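Notes to accompany the following structure.
The values are calculated or read from the model by the stated rules, or taken from the named source; none is laboratory data. Every value quoted in this text rests on a predicted model; they were computed, and no experiment measured them. As a convention, Cβ positions derive from the backbone with ideal geometry for all residues, glycine included, and neighbour counts pool all protein chains shown. Just so you know, the surface numbers come from the protein's heavy atoms only, side chains and all, with ligands and any DNA or RNA stripped out. Shrake-Rupley method; radii C 1.70, N 1.55, O 1.52, S 1.80 Å.
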Amino acid sequence: MRRRSSLVLLSLAVFFTALSPLVRWYAFPRLAKIPAGQYQAVVLEARDATLLDYGTMRPKKVAKVSIVQTLKGDVEEARRIDRATGRDVVVWDGLAYVVGPDGAMVSQVPERYVFDAHTQEPVHAGGESVDGDPVERWGVEFKFPFLTQKRDYYYFDAQARSSAPIHYRGTQEFRGLEVYYFEQTVPWTKVPLPKRMPVEGVTPQTVAAMGMERWYTTKRMFWVDPVTGAPVNGEEVHREEMRFTGGKQRPITAFAGHVKMREDYVRHTVGLVSSQRQAVLLMTSYLPWGSLLLGVSLLSLALLLEARGRRPAAGGTGGVSGAKGSRPPRCGARARGWSSPKHRAASPP
């Protein structure tokens, strides 16, 4: 019975020990992915900012500028690209909608972002765009990969339509979470004007006819949960200028401000990421390590039962003298075949 139990325990030990790397290195890369139909929105604000009045072409101080950033998954388009490429992809339609203190639109820039649902790598399957202009992304945007590493990444900048390194600057604590802090500085770069301008009749073409062009720089900061790769907070120190092509006149500030995520959205994002990271930890830490420890424990128990089954029975003796039915050896003179003197005298000569 003990031998049968030890064999069962040994089989279970092999199963759980083999399950540990399978969950971590086989199941997790295939099961962890971004849902194709995900929708999210975040509001960022820049208080005491400088904003250009396109009616007078003069900058002015304003109490607040708000940026509403939305991302909506296009499920049907994702399925079409899935069939064409054989990959799990997500198609995000994004919109950065900027409004002034009076609620009037300042600018709006739509995007289409196609990426691998598992790795967050861009998928160049057509349709990638920023403000209607075709682009070819490389690096990440909006979200970092699952199990973000302590290294630099390339991050796509929608204004410049190009990617640049975003640097890992250390590990910090943010609202009870251990996060990685990343920072990117985009130097002064000539960028296109939004195709939809806040003043009726003013277009990028009319601004260019005035001999002006738009330049931009920013310092971008992200606090990223390394388990899910989701930023729990983001800020930008952002500046835009309208510069004259002749270079004889001073640039006009189009926008200047420190853009921060609104507090209620920070709390919501931290709570959402805190719940989602448990599902990732289940497959990357809890199940693999738990299965490995269980397998080692079962193996130890199986070996212990096997050792007990092979131990000799207690109280047993060895040797011929202990054999059943054996006769004790004769001793004394009779044992050696001698006769007593009395017996010899009675014997015939």
Answer yes or no as to whether Asp133 is surrounded by fewer than 18 Cβ atoms within 10 Å (Cβ to Cβ), of a type in the set (D, E, K, R), in contact (Cβ under 8 Å) with a residue 24 or more places away in the chain and closer than 18 Å to Lys195 by Cα.
-> yes
Only one of these is modelled with pLDDT under 90 and part of a helix (DSSP H, G or I): Leu305, Leu293, Leu281. Name it.
-> Leu305
Filtering region 9-50 down to residues that are of a type in the set (D, E, K, R) and farther than 17 Å from Gln276 by Cβ yields Arg24, Arg30, Glu45, Arg47, Asp48
So which residues in region 273-297 are open to solvent by less than 50 Å² (accessible area, probe 1.4 Å) and of a type in the set (S, T, N, Q), if there are any at all?
-> Ser274, Thr284, Ser285, Ser291
Which ones in region 104-122 are open to solvent by 10 Å² or more (accessible area, probe 1.4 Å) and touching a residue at least 40 places away in the same chain (Cβ under 8 Å)?
-> Ala104, Met105, Val106, Ser107, Gln108, Val109, Glu111, His118
Identify, please: which residue in region 235-272 is in contact with a Gly (Cβ under 7 Å, 6 or more places away or on another chain) and surrounded by 15 or more Cβ atoms within 10 Å (Cβ to Cβ) and is, among those, nearest to Thr185 (Cα to Cα)?
-> His238
Mind listing whichever residues of region 112-139 are farther than 20 Å from Asp82 by Cα and assigned to a strand (DSSP E or B)?
-> Val130, Asp133, Pro134
Enumerated strands (runs of 3 or more DSSP E) restricted to region 3-103, each holding at least 2 residues that are surrounded by fewer than 14 Cβ atoms within 10 Å (Cβ to Cβ) | 39-53, 58-73
Are there any pairs, at least 6 apart or on different chains, whose C-beta atoms fall under 9 Å, with the first in region 286-303 and under 15 Å from Phe28 (Cα atoms) and the second open to solvent by 70 Å² or more (accessible area, probe 1.4 Å), and if so, which?
-> Tyr286/Gln278; Pro288/Leu22; Pro288/Trp25; Ser291/Phe15; Ser291/Leu22
Are any residues in region 146-175 buried (at least 18 other Cβ atoms within 10 Å of the Cβ) and closer than 25 Å to Arg30 by Cβ, and if so, which ones?
-> Phe146, Thr148, Tyr153
